[in-house]
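A short worksheet on the structure shown next.
The values are calculated or read from the model by the stated rules, or taken from the named source; none is laboratory data. Keep in mind the model is a prediction, meaning the values are calculated, not measured. Every residue, glycine among them, receives a Cβ derived from its backbone with ideal geometry; neighbour counts consider all protein chains shown. SASA here: full protein model, heavy atoms, side chains in, ligands and nucleic acids out. Shrake-Rupley method; radii C 1.70, N 1.55, O 1.52, S 1.80 Å.
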Amino acid sequence: MTDDVPKGSEPETSESLRAFGEVVKVFRRRAVLTQEQFAPRVGYSVPTIASIEQGRRLPSKEFVARAEEVLDAFGALTAAAKHLTRKEGLAKWFVGWAELEPLALTLCTYENRLVPGLFQTLAYARTLFEKQLPAMGDDKIESNLIRRMERASILTDRPETIFSFIIEEAALRRAVATPEVMREQLDHILTLCERRNIDIQVMPGSRGHHAGLDGPLRLLETDKNLWYAYSEGQRTAQLISDPKEVSILQQRYARMRAQALSVEATVSLLREIRGAL
């Protein structure tokens, strides 16, 4: 549950996002480019371009720079981007990682609490938001759900990205929602297992000590072949760029991959867990 906004954090400023989106649209049309033609030139998916132009997504620094160059925007996009603030639905400590995530060549995730956010179905995520403390209003819940589903689109929008997920067995067995919602969630994960660029492994409950006991972990390789790590606690998180620290976490993740079930054994266990619901 990393992309929700904690109480008291920066409010949504959708007018600035919508204004920026309109500026992008004007320059794109000036260049006589459709969204489908523009998307590959800046290295983003068509849904992402649409979200930015509609003011529903905060553009990354990389998008602004690429769009500025591709559209020959006279510095207008760069100037407009300086006045943008993040939208509701994205925690302030998650912004840095969220900007890197759509550019990942490699994305590794270890999760020991819940089903990873990128995997969550709408019903599963809704249950989490509805039960979260402090309580959220309906509008905020819907905003967070939109943001979470938009993030999850990276799994299908970037088939060239290599994804690796290690999930604790207890997180999959934890019945945070109704049996129907949990079955749908497990079915979704099983479907993702079929994608050739996604490796999913379960860390079995029978495994005693393993390299990930310090907590959740994410690793990411950018399109410039730079590696970052992200570590998270309750209402806090840290984006790590120090190569030495990232290297230590890479070593831990590599050890965890050896300690977790194989991809094939994971599928069998997922089916077993689903069948028991």
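Of THR236, THR191, all but one fail to be in contact (Cβ under 8 Å) with a residue 40 or more places away in the chain and either of a type in the set (Asp, Glu) or surrounded by fewer than 18 Cβ atoms within 10 Å (Cβ to Cβ) (or both); the exception is THR236.
Selection of segment 127-146 for residues being open to solvent by 20 Å² or more (accessible area, probe 1.4 Å) and either within 21 Å of GLU180 (Cα to Cα) or of a type outside the set (Gly, Ala, Ser) (or both) yields THR127, GLU130, LYS131, GLN132, LEU133, PRO134, MET136, ASP138, ASP139, LYS140, GLU142, ILE146. The single residue among GLU180, GLU169, GLU184, GLU99 that is crowded, with 20+ Cβ neighbours inside 10 Å and either among the charged types (D, E, K, R) or modelled with pLDDT under 95 (or both) turns out to be GLU169. In summary, LYS61 fulfils each of the numbered conditions (1) within 20 Å of THR222 (Cα to Cα); (2) in contact (Cβ under 8 Å) with a residue 60 or more places away in the chain; (3) among the charged types (D, E, K, R) with the single exception of condition (2).
Do we find a residue being of a type in the set (Lys, Arg), under 15 Å from the mean Cα position of the chain (by Cα) and either part of a loop (DSSP other than H, G, I, E, B) or within 23 Å of ALA265 (Cβ to Cβ) (or both) anywhere in segment 156-166? The answer is yes; a qualifying residue exists.
The set of residues in segment 106-126 that are over 30 Å from LYS224 (Cα atoms), surrounded by fewer than 18 Cβ atoms within 10 Å (Cβ to Cβ) and β-branched (Val, Ile, Thr) is empty.
Cβ-Cβ distances below 8 Å connect the following pairs, each with a first residue in segment 36-50 that is closer than 18 Å to LEU77 by Cβ, a second residue that is not in a helix (DSSP H, G or I), and a separation of six or more residues or different chains: PHE38/ALA31; ALA39/SER45; ARG41/LEU33; GLY43/ASP223; THR48/ARG57; THR48/SER153. When ALA170, ALA175 are checked against the criterion of being part of a loop (DSSP other than H, G, I, E, B), small (Gly, Ala, Ser) and more than 21 Å from PRO47 (Cα to Cα), a single residue qualifies: ALA175. Looking across segment 194-213 at every residue that is assigned to a loop (DSSP other than H, G, I, E, B) and either closer than 17 Å to LEU118 by Cα or of a type in the set (Lys, Arg) (or both), the one that is least open to solvent (accessible area, probe 1.4 Å) is identified as ASN197.
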